[in-house]
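Enquirer: Structure provided below as structure tokens; questions to follow.
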Amino acid sequence: MIPAMVAILTFCFLGLIFYFPEATVLLWVLVLETSPDAWLAQLIGWHETIIALIKASGIGLALVLAIRQGARWDRFNPSFAFAAMFLIGLMHGLYPGLTLLESLRSLIGSAAPFLFSFVRLPPNIIRAVIRATIWGPLCTIGFGALLALAGPGHMYVVEQGALRLGASGEPPFLAGFALIGIYAGLMEGLAAPSAANALMVSVNFSIILLTGARAPLFLAALNILAVLVMQRRLMLLALAGALGCGTILFAKGLTFIRVVGLTELGEAANLSNRDLVWPYFQQALFSSPVFGWGVGAGKVIIPVTSILDQMIGTNAAHDEYLRIGAEGGFFGLALLIGLITLWTLRGSANLPRPQRLLMRLIFISFAMHSTTDNTLIATTASVFFLWASCIFANSENGTTAAA
């Protein structure tokens, strides 16, 4: 029954993409942002299966759009780096415990977010993606509220005495989606400033603050300040400085906000047990520093059956440089960084100067974020790189604003 239902739903989904591409893309982004790997897994289980279906639906979406809208060649696409690491891993030898099938599945999952750059994205689909990216976090909060009222969900968690907003997913993922919403809002604001767009940037910034995620909050503030400087909004810069000073002055009364409370308590380091996880990935990297251990090794370096995984609840690296280094060695890491750099430079080359500078700052921010989070394998990557592909398509078409 279950395979039959999956097959029927798959055909229905492919049909919707073909006949209603704009609505399907919009819905797909919004569903992704609600984190079904969290709330749906709580209801029915099958966490890994749900993640696989999310990646598979993205591949199906890209393939049908390519058939319907046409394909294009993208010579600097970062997915080529994962393909190279996969082939080198087969020749070098995979990490003990990593099977060929698992490595192939990881290759598909790693390359999937970049596939939309091989599609000729029309203006209506680009508009749908940008709108969904900006409004998605707010929709997620609404969906999370409905789940909480119905019973199976909870809007927030309490961590070290502070509240963390998670809505229908987990706080770090909600913060990641809100950060992408800020990136999208800032890009649109440079092209066509509007009060509604500025309001949504503020809303998404508030969401990040309520999630208590420190790196996304810093990166959001960095990019907002950069845009204010580019637009010479001196009054807003002064207001931002005043709010920052006020937060410092009244920090004692704001400890229920996680980023403030951690500063007051002096507990700002190693909250995700990174000091326990990183040595395993460092050992794997330095045991095969040139070519690594094959795509997917990051999933088995710390086995899910290990005491450490059971103790901290994850076997993720929390550092994409370490994970990619362990999987592809310094060669694979350099290849991936090089391709992403060339992809960004080429994709943003035809944008107006302010948008071009901001887009490149966003990818620098992404590189910074990757030092402490799983930015390439989380569901946020699917939304981020789809949005980036839309911006690059606008650049290629000579278009600036899309939403």
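The values are calculated or read from the model by the stated rules, or taken from the named source; none is laboratory data. Computed from a predicted structure; not experimentally measured. So basically every Cβ, Gly included, is an ideal-geometry build from the backbone, and we count neighbours across all protein chains shown. Each accessible area value is taken on the protein alone, full model and side chains, heavy atoms only, with ligands, DNA and RNA left out. Shrake-Rupley method; radii C 1.70, N 1.55, O 1.52, S 1.80 Å.
Enquirer: May I ask for the percentage of alpha-carbon pairs in region 21-62 that lie more than 17 Å from each other?
Expert: Above the 17 Å cut-off, region 21-62 has 30 percent of its Cα pairs.
Enquirer: Report the FRET efficiency, 1/(1 + (r/R0)^6), for Thr372 and Thr99, where r is their Cβ-Cβ distance and R0 is 30 Å, rounded to 0.05.
Expert: So the FRET efficiency works out to roughly 0.50.
Enquirer: Considering Cα pairs under 8 angstrom that are at least six residues apart, work out the relative contact order of the chain and quote it in whole percent.
Expert: 22
Enquirer: Give me the percent of the accessible area of region 48-96 that comes from carbon and sulfur atoms, probe 1.4 Å, all protein chains in place.
Expert: 70
Enquirer: Suppose only helical runs count, i.e. DSSP H with n ≥ 4. What mean residue ellipticity at 222 nm does that imply for the chain under -39500 (n - 2.57) per run, divided by all residues and rounded to the nearest 500 deg cm²/dmol?
Expert: Theoretical 222 nm ellipticity from helices: -23500 deg cm²/dmol.
Enquirer: Provide the descending list of Cα extents for region 180-231 along its principal axes, expressed in whole angstroms.
Expert: 30, 20, 13
Enquirer: Another question about this same structure. Got a number for the accessible area of Ile364? Probe 1.4 Å, square angstrom, nearest 10.
Expert: 100
Enquirer: Region 46-70 to region 130-158: how many Å between their Cα centroids?
Expert: Spelled out, the Cα-based centre of one part sits 23 Å from the other.
Enquirer: To continue, here is another question. Provide the per residue accessible area, probe 1.4 Å, for region 58-129, rounded to a whole number of square angstrom.
Expert: 44
Enquirer: Which of Gln282, Gln310, Gln69 moves the most in a Gaussian network model of the chain with Cα springs under 10 Å?
Expert: Largest GNM mean-square fluctuation: Gln310.
Enquirer: How much length is gained on full extension from Thr10 to Leu87, taking 0.36 nm per residue of separation minus their Cα-Cα distance?
Expert: Contour length minus Cα-Cα distance gives 24.7 nm.
Enquirer: Scanning the chain for helices, which whole DSSP H stretches are 27 Å or more long along the axis (Cα) and average 1.0 or more by Kyte-Doolittle?
Expert: The qualifying helices are 47-69, 123-150, 171-191.
Enquirer: What percent of all Cα-Cα pairs in the chain falls into each 10 Å bin, going from 0 up to the bin containing the maximum distance?
Expert: Here the calculated profile for the chain is 5, 21, 32, 28, 12, 2, 0.
Enquirer: Here is a follow-up. Give me the log10 of I(q) over I(0) for region 57-214 at q = 0.12, 0.13, 0.15 Å⁻¹, as the Debye formula computes it from C-alpha points; what are the numbers?
Expert: Treating every Cα as an identical point scatterer, log10 I(q)/I(0) equals -0.76, -0.86, -1.02.
Enquirer: What Kirkwood hydrodynamic radius do you get for region 281-403 when you take the inverse of the mean 1/r over all pairs of distinct Cα atoms, in Å?
Expert: The answer is 15.9 Å.
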